[in-house]
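Single-structure report; data block below.
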Amino acid sequence: MKYLNTFYTFVFFVIFILTISVNTRGTIKSYTQFYKADKADSILIKNNLFNAALFIEKEPISIFLSYTGLETGFGFFAPNVASEYITEFKVYSEDSTLIKTSNFPNFKRKESLTRIKSAYLMFEEYFNDNKDSLRLKKCNIFLKGLALRVLLDEEKGKYVHSKVYLYHHPLLGQLDEDPEMIPIYTLIKSQKYTKDDAWKHLK
């Protein structure tokens, strides 16, 4: 029993050391490549802590880490957490009567909504000063597709007014100062589309 406990203790410390090494090396690499991308390689070569964990890339340790999933690491550096964007689509009839307000098109499968929401990160391009950017044009096409999908689902709908908001939830520090603070919605894009816009490419 004593030997078994010794074995378990040894295994624990091995895994602990490997986990710390993977996360330390990954954090240093991510931080350096993000903030000092132009000279990251030269900086990493001179970093003693980064080089001390180089053994995790050698066999058989690298094989062990790969099969156990420990090579992924959980201490990655995330300096720029993605912002959250919210869409709003208001469908109006020919006499400008509001018919429906929706945040997303009506998808039949939840997987479709999940995939669409993952693409919302491209709305970051609306902060791009280059109005001729291909990414910005792609973003506009994406928003137009969402808006027209909502519009075409309404038989009496004549046009749709689409809006994109940057959503900011109060930080913990802000809530300490103002517990009643509500989320902030900053409008970053507003565009109107009609049903004629859906068929322009066919004319």
**Message:** Bin width 5 Å, origin at 0, all Cα-Cα pairs of segment 1-68: what percent of pairs per bin?
**Reply:** 3, 15, 20, 20, 15, 11, 7, 4, 3, 2, 0, 0
**Message:** I'd like the FRET efficiency for Asn47 and Asn140, computed as 1/(1 + (r/R0)^6) with the beta carbon distance as r and R0 of 35 Å, rounded to 0.05.
**Reply:** 0.25
**Prompt:** Rounded to a whole number of µm²/s, how large is the Stokes-Einstein D of segment 84-198 at 10 °C and 1.306 mPa s, given Rh as the Kirkwood radius over C-alpha pairs?
**Reply:** 102
**Cut-off under 5 Å, modelled amide H: who pairs with Lys158 long-range** = Tyr92, Ser93, Glu94
**Asked** Fully extended, how many nm does the chain gain between Ser62 and Lys117 (0.36 nm per residue separation, minus their Cα-Cα distance)?
**Response** 16.3 nm
**Sulfur and carbon atoms: percent of accessible area, the chain [1.4 Å]** = 57
**Request:** State in Å² the accessible area per residue of the chain; use a 1.4 Å probe, count heavy atoms of protein chains only, and round to the nearest integer.
**Result:** 74
**Asked** So what does the Cα-only Debye profile of the chain read at q = 0.10, 0.11, 0.14 Å⁻¹, as log10 I(q)/I(0), no solvent term?
**Response** -0.72, -0.80, -0.98
**Request:** Identify which of Asn140, Asn47, Asn130 has the largest mean-square fluctuation in a Gaussian network model of the chain, with springs joining Cα atoms closer than 10 Å.
**Result:** Asn47
**Request:** For segment 151-166, take each phi angle, set θ = phi - 60°, evaluate the Karplus expression 6.51 cos²θ - 1.76 cosθ + 1.60, and give the result in whole Hz per residue in order, putting x for glycine and proline.
**Result:** 5, 5, 6, 10, 4, 8, x, 9, 8, 10, 9, 9, 9, 10, 10, 8
**Prompt:** Which order do Tyr185, Tyr85, Tyr67, Tyr31 take when ranked by solvent-accessible area (1.4 Å probe, heavy atoms of all protein chains), largest first?
**Reply:** Tyr67, Tyr185, Tyr31, Tyr85
**Message:** Let me check against my output: what whole-number percent is the relative contact order of segment 1-72, with C-alpha pairs under 8 Å and at least 6 apart?
**Reply:** 33
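The values are calculated or read from the model by the stated rules, or taken from the named source; none is laboratory data. Note that the coordinates shown come from a computational prediction; the quantities given were computed from them, not determined experimentally. Please note: Cβ atoms are built from the backbone with ideal geometry, for glycine as well, and neighbour counts cover all protein chains shown. Ligands, DNA and RNA are stripped out before the accessible areas are found, and what is left, the full protein with its side chains, is counted by its heavy atoms. Shrake-Rupley method; radii C 1.70, N 1.55, O 1.52, S 1.80 Å.
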